[in-house]
Amino acid sequence: MLRFCRRFVATKTTVPRWRPQTRGYGNLSLSAEDDAAVKKVVESHVNCTNPDDWRKISLHIPALKFRVVRDVMLKVDCNLSNVDLTNIRDVEGIMQAIQAQRSLTSQANPFSRLDPVQRYFELQSDNLPSNIHWQPPAPKPILSKRDRKNKIK
């Protein structure tokens with residue numbers, strides 16, 4: 001059980017929840033500055049008995065999850081999507097979501113002729129189910145001069 005004081009105090013390890021493995025982000029890590037910022041925010045909201053357990057804190061309490069995620073997003077200056085916010089279950093999930101968001105935005109090239117949806121499918125091809133794939137749109141037919149005139153009328 002958890003005891004409540006002015007701050008949330010984690011006194012018992014929670015049972016890890018089941019997570020689908022299709023949404024994994026691989027072995028990505030945050031920079032040392034971001035890692036320290038996340039640790040500072042988590043420790044400001046939760047008293048950890050062990051200094052190394054701050055990554056394993058469960059966020060199943062909505063008020064705690066809201067406070068931690070809000071402060072982390074402000075400190076790290078990263079906006080997370082609703083899907084990522086829904087799928088976050090612990091502090092490690094926050095860190096993975098931030099890293100995934102940054103990797104997607106850092107690889108975007110404004111001069112690329114690739115469709116953004118195609119780029120997403122190429123980047124996330126390992127994490128998508130096997131029945132989802134990218135099919136490029138059909139090329140537009142090249143019309144003759146006579147057909148173009150008939151089409152305008």
Cα to Cα, under 23 Å, and not fewer than 8 places away if on the same chain: which lysines meet these conditions relative to K149? K140
How would W134, W54 line up by accessible area, probe 1.4 Å, largest first? W134, W54
Give me the one-decimal nm value for the distance between modelled label points at E43 and A138, 7 Å along each residue's Cα-to-Cβ direction. 6.1
Under 16 Å Cα to Cα from K40, which aspartates and glutamates show up? Leave out anything in the same chain fewer than 8 places away. D52, D53, D71, D77, D90, E92
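The values are calculated or read from the model by the stated rules, or taken from the named source; none is laboratory data. Quantities reported herein were computed from a predicted structural model and do not represent experimental measurements. Methodologically, a virtual Cβ is constructed for each residue, glycine included, from the backbone with ideal geometry; neighbour enumeration extends over all protein chains shown. Just the protein is used for accessible areas: all its heavy atoms, side chains included, with ligands, DNA and RNA removed. Shrake-Rupley method; radii C 1.70, N 1.55, O 1.52, S 1.80 Å.
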